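Heads up, the thing below is written out as structure tokens.
Every number in this text was worked out from the coordinates using simple rules, so none of it is lab data. Quick caveat, the model's predicted, so the values are computed rather than measured. Positions of Cβ are generated from backbone atoms using ideal geometry, with glycine treated the same way; all protein chains shown enter the neighbour counts.
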Amino acid sequence: MSIVWSVLGILVCGGVGGGVAWLLVRAFELTGIPAALVALIVGMVLAVACWIGLTSLLRVMKVLQ
């Protein structure tokens, strides 16, 4: 069952990172390689930050050991 929760967390955090990165690229009207690089960096950093925050929150709430 923990695999299911991990996959769900990855999807949620990846969606948050990707969504914010896409909004940022669209806001600055970037295209091509610059858009891809900005989306890559911003998306990955936010996805990792979301993952760290989510796991930290679940550990504080004693849901994870």
- the chain, Cα convex hull volume normalised per residue, Å³: 73 Å³
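DSSP loop (so not H, G, I, E, B), at most 14 other Cβ within 10 Å: list which chymotrypsin sites (Phe, Trp or Tyr not before Pro) in segment 1-45 pass both filters.
F28
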- Item | Degrees, to the nearest 10: 2-27 long Cα axis against longest axis of the chain | 20 degrees
- Degrees separating the helix 32-60 axis from the principal Cα axis of the chain, which is the longest one: 20 degrees
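Once fully extended, how much extra length lies between I41 and S2, figured as 0.36 nm per residue of separation less the alpha-carbon to alpha-carbon distance? Each step should come with its number before you reach the end.
Working: separation 39, 0.36 × 39 = 14.04 nm, distance 2.83 nm.
Taking 0.36 nm per residue and subtracting the Cα distance, the gain is 11.2 nm.
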- Task: Please give, to one decimal in nm, the separation of the simple spin-label points placed at A49 and L64, each 7 Å out from Cα toward the Cβ.
- Result: 1.8 nm
